[in-house]
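Before any comments, here is the structure.
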Amino acid sequence: MVIAIDGPAASGKGTLAKRLAEHYRLPHLDTGLLYRAVALTLLDADRDLADADAAAAAARGLDAAFLSDPRLRGSAMGEAASIVSAQGAVRAALLDWQRRFAGAAEGAVLDGRDIGTVVCPDAAVKLFVTASAEERARRRHRELDGRGEAVAYEAVLSDILRRDARDADRAAAPLRVAEDAVVIDTTALDADAAFRAATGVVDGRDRA
Ligand code: CDP
Ligand code: CDP
């Protein structure tokens, strides 16, 4: 069983994906980390994020060991990831990687922007997790605060709006709701309530 989870920044898709993976005992891939790792590789090598050849080479040579680098989690890397992820060659280089992960015998949970639309169009379950931009900014602001990254709420909100627009407006695999996805709006749902809504969808599909 493949569970595809997409949605904008700080919608709660990662938290949900992790919990569903534990609950159904499936491996989980946070695909945003792949794009963050490509961005970090370029920055470490002093390359421009818009350098298409260097970005594609970094994506092709991506080392899985790199995905646990704590520098990937910061807000600057989310922004940098969104710049490199707009490049078609980067996306193409990461596609096989993601599909191999999703092809595990027992199934998998993947979360990102284009899992239900491009990476796993035949996924058994597709969820689109969203929340108002203000609620997402509040969550990300709280998270950054907890990590000691002091950023004003307004700056977090404008960051999120800019990144959403870039992800939704790009030509290559833009962020959009797959036709057969179930939308879970978490604006008024905590992580437990979102998890209950999602297992309702997954288990309902098993009975159907
Ligand atoms: O993966 P994504 O960027 O979509 O979001 P996340 O990392 O799962 O969640 C962002 C923050 O919101 C985390 O600190 C979560 O604990 C919190 N969260 C929440 O407050 N309510 C939810 N329903 C889901 C997540
Ligand atoms: O956690 P958050 O939603 O803030 O970011 P992320 O999921 O780590 O993704 C960082 C950036 O990578 C996104 O803004 C997208 O531009 C890109 N991304 C993508 O294009 N496709 C994916 N499947 C996952 C991430």
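None of the figures in this text is laboratory data; all of them are computed from the coordinates on show. These numbers were taken from a predicted model, which means no experiment stands behind them. As a convention, Cβ positions derive from the backbone with ideal geometry for all residues, glycine included, and neighbour counts pool all protein chains shown.
Estimated purely from DSSP H runs of n ≥ 4, each contributing -39500 (n - 2.57), the mean residue ellipticity at 222 nm for the chain is -16000 deg cm²/dmol once divided by its residues.
Shape class for region 134-208: oblate, because the ratio a/c of the largest to smallest gyration tensor axis (alpha-carbon atoms, square roots of eigenvalues) is 1.5 or more and b/c is at least a/b.
Taking the Cα centre as origin and putting +1 on Lys and Arg beta-carbons and -1 on Asp and Glu beta-carbons, what dipole magnitude results for the chain, to the nearest 20 debye?
Values: 28 positive and 33 negative charges, 55 e Å.
Computed charge dipole of the chain: roughly 260 debye.
Among rounded, prolate and oblate, which fits region 165-208 when a ≥ b ≥ c are the square roots of the eigenvalues of its C-alpha gyration tensor, a/c under 1.5 means rounded, and a/b larger than b/c means prolate? Judged from the Cα gyration tensor, region 165-208 comes out oblate (a/c at least 1.5, b/c at or above a/b).
If R0 is 30 Å, what FRET efficiency do you get for ALA52 and ARG73 from their C-beta distance, rounded to 0.05? The pair ALA52/ARG73 has a calculated efficiency of 0.70.
How would you rank 117-125, 21-29, highest first, on the average number of other Cβ atoms within 10 Å across their residues? If you can, show how the numbers build up before the last one.
Numbers: 117-125: 19.1, 21-29: 15.8.
Ranked from most to least packed, the peptides come out as 117-125, 21-29.
Considering the dipole of the chain built from charges on the beta carbon (Lys and Arg +1, Asp and Glu -1) around the Cα centre, which of ALA131, ALA39, ALA171 is farthest to its positive end? Going by the Cα projections, it comes out as ALA131. How would you classify the chain from its alpha-carbon gyration tensor, with a ≥ b ≥ c the square roots of the eigenvalues: rounded for a/c under 1.5, else prolate if a/b is greater than b/c, otherwise oblate? Oblate, because a/c is 1.5 or more while a/b does not exceed b/c.
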